[in-house]
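K.L.:
The structure that follows is given in the form of structure tokens.
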Amino acid sequence: ENKFVFTCLSALLILIIAISLFLQFQVYNKTYSSNQAFSLSNFTLSLKDSYITNVDYHGDIITPNKYYLAVKIGIINNGQAMAIDKSNFRITVGDEDIYPNYDKVFRFLDIGKPYQGEILPHNDKDNPGEEYVLVYELKENQIRGNYQIRILNDLTQKEGKLVTRYKNINIRPNNIIKQENIGQTKINSEINLKGTTLGNSLFTLKDIEIKTSYPYEYESCSNNVCTTTKDVIVPRGGYVLAIIKDELKLDDTTSYYKNSEKDFYEDFVSLSYDYSLSGGLRPDDTKHSVTKLQKVGQSGLKDVKIYEVPSNLLYNTKLDFIIKIRNKEVVISVN
């Protein structure tokens, strides 16, 4: 009989411990992973994606010797308009607590909508929520294969003691630090940019010319009367014009399409070139340079895009058109 009572008490104790552990880790301090939605105050949150990088969406170093954990989180506000407190979204690496950095979020427009602590409106079927990016600044020795965002869920007092309960998000970021050449092609070849943060965007470079000016005509209409106007684009001193013909179809499901001003050339393109003032007749005269493109104000142009580039491009002997999206690069050989 005593053995039976002992067995029952042991079973009851095990059940109590099991229930306690279940409540502790699956209810009060539950851990969530990718695409698992959970509630926090007014909000429904879900981890969408995450990356470790040291460059922005242009492919430029953000801060020397610093790295960034960019976390895309879906946020739906089910209640009144309010902000999310970034102090509730800390990660801990070693003995250091790290909080979202609002200063760098605009370098991650291709990953998510920048969140800087602003008040988020109530969401409904006409305004269904957004995918925001939170950015954590790291030192090189803080790079890990996984992290955990620990979010304070509630704070209560029990038997004279403060009891904190958390909701945790497990993160296994994509490491996009290493530079990759994902293709080398020629003019008039269609490029699918899958594998980059531009998704299934399609691009074809049809032609690129370097000129000192660009005369053109355009039609303007007023009160049903149309006239043809002649104009000419002239670059600033020290520059010439890159006249580009292309086919570009941006993937409209990407964060870059939704959040940026979408100037593909200023954001992602550079020209890598050799040039020689002697036209290559003197080998010791050949030099190499790389330049970004700067947009020229223009109106009425439909078939070409025009950018300013350094004047020594007039003397190029070898020209490569470089598309660089974060750490991934495509090279188009022009000549």
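The values are calculated or read from the model by the stated rules, or taken from the named source; none is laboratory data. Since we're looking at a predicted model, the values are computed, not measured. FYI the Cβ positions are ideal-geometry reconstructions off the backbone, even for glycines, and counts take in every protein chain you see. The protein model used for the area step is the full one, side chains on, heavy atoms only, and it has no ligands, DNA or RNA in it. Shrake-Rupley method; radii C 1.70, N 1.55, O 1.52, S 1.80 Å.
Each row is one residue, and each column tells you yes or no for (1) over 33 Å from the mean Cα position of the chain (by Cα); (2) among the basic types (K, R); (3) farther than 15 Å from L293 by Cβ.
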position: E219; (1), (2), (3): yes, no, yes
position: N223; (1), (2), (3): yes, no, yes
position: C226; (1), (2), (3): yes, no, yes
position: V232; (1), (2), (3): yes, no, yes
position: R236; (1), (2), (3): no, yes, no
position: Y239; (1), (2), (3): no, no, no
position: D246; (1), (2), (3): no, no, no
position: L250; (1), (2), (3): no, no, yes
position: N259; (1), (2), (3): no, no, yes
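K.L.:
In this structure, does K245 turn out to be open to solvent by 40 Å² or more (accessible area, probe 1.4 Å), under 30 Å from T197 (Cβ atoms), of a type in the set (D, E, K, R) and not in a strand (DSSP E or B)?
P.N.:
no
K.L.:
Would you check which residues across segment 123-142 are surrounded by fewer than 16 Cβ atoms within 10 Å (Cβ to Cβ), touching a residue at least 40 places away in the same chain (Cβ under 8 Å) and part of a loop (DSSP other than H, G, I, E, B) and list them?
P.N.:
Of everything in segment 123-142, just one residue is surrounded by fewer than 16 Cβ atoms within 10 Å (Cβ to Cβ), touching a residue at least 40 places away in the same chain (Cβ under 8 Å) and part of a loop (DSSP other than H, G, I, E, B), namely P128.
K.L.:
Just for segment 34-64: of the residues that are under 17 Å from Q179 (Cβ atoms) and among the polar types (S, T, N, Q), which one is farthest from the chain's Cα centre (by Cα)?
P.N.:
Of everything passing the filter in segment 34-64, N54 is farthest from the chain's Cα centre (by Cα).
K.L.:
Restricting segment 84-97 to residues that are closer than 12 Å to L134 by Cα and among the aliphatic types (A, V, I, L, M), which is modelled with the highest pLDDT?
P.N.:
Among them, the one singled out is I91.
K.L.:
Of all residues in segment 91-107 being open to solvent by less than 70 Å² (accessible area, probe 1.4 Å) and more than 18 Å from Q142 (Cβ to Cβ), which is nearest to the chain's Cα centre (by Cα)?
P.N.:
V105
K.L.:
Here is a further query. Quick one: how many residues across segment 143-189 are farther than 30 Å from K206 by Cβ, modelled with pLDDT of 85 or more and open to solvent by 80 Å² or more (accessible area, probe 1.4 Å)?
P.N.:
6
K.L.:
Is it the case that some residue within segment 274-283 is in contact (Cβ under 8 Å) with a residue 12 or more places away in the chain and either within 30 Å of F106 (Cβ to Cβ) or acidic (D, E) (or both)?
P.N.:
yes
K.L.:
Okay, moving on. Tell me yes or no: at least one residue of segment 200-209 is under 30 Å from L138 (Cβ atoms), of a type in the set (G, A, S), assigned to a loop (DSSP other than H, G, I, E, B) and in contact with a Leu (Cβ under 7 Å, 6 or more places away or on another chain).
P.N.:
yes
K.L.:
Of the conditions (1) open to solvent by 10 Å² or more (accessible area, probe 1.4 Å); (2) more than 16 Å from the chain's Cα centre (by Cα); (3) at pLDDT 90 or above, D284 clears all except one; give me its number.
P.N.:
For D284, the exception is condition (3).
K.L.:
When the residues of segment 261-273 are narrowed to those that are outside any helix (DSSP H, G or I) and in contact (Cβ under 8 Å) with a residue 24 or more places away in the chain, which ends up farthest from the chain's Cα centre (by Cα)?
P.N.:
Ranking the candidates gives Y273 first.
K.L.:
Here's another thing I want to ask about it. Here are the criteria: (1) closer than 23 Å to E130 by Cβ; (2) out of contact with any strand residue (DSSP E or B) (no Cβ under 8 Å at 6 or more places or on another chain); (3) surrounded by fewer than 17 Cβ atoms within 10 Å (Cβ to Cβ). Tell me which single one D263 does not satisfy.
P.N.:
The failed condition is (2).
K.L.:
Here is a list of conditions, (1) open to solvent by less than 80 Å² (accessible area, probe 1.4 Å); (2) in contact (Cβ under 8 Å) with a residue 60 or more places away in the chain, and K258 meets all of them except one; can you say which number that is?
P.N.:
The failed condition is (1).
K.L.:
Taking only segment 186-245 into account, find how many residues are in contact with a Pro (Cβ under 8 Å, 6 or more places away or on another chain) and on the phi > 0 side of the Ramachandran plot.
P.N.:
1
K.L.:
While we're here: Only residues in segment 67-81 that are of a type outside the set (V, I, T) count as the first member; pair them with residues that are at pLDDT below 90 and crowded, with 22+ Cβ neighbours inside 10 Å, Cβ under 6 angstrom, at least 6 apart or cross-chain, and list the lot.
P.N.:
Within 6 Å, no pair qualifies.
K.L.:
What's the number of the only condition in (1) outside any strand (DSSP E or B); (2) out of contact with any Ser or Thr (no Cβ under 8 Å at 6 or more places or on another chain); (3) surrounded by 15 or more Cβ atoms within 10 Å (Cβ to Cβ) that D252 fails to meet?
P.N.:
(3)
K.L.:
From the list I84, I76, pick out the single residue that is more than 20 Å from the chain's Cα centre (by Cα) and in a loop (DSSP other than H, G, I, E, B).
P.N.:
Going through I84, I76 in turn, just one is more than 20 Å from the chain's Cα centre (by Cα) and in a loop (DSSP other than H, G, I, E, B): I84.
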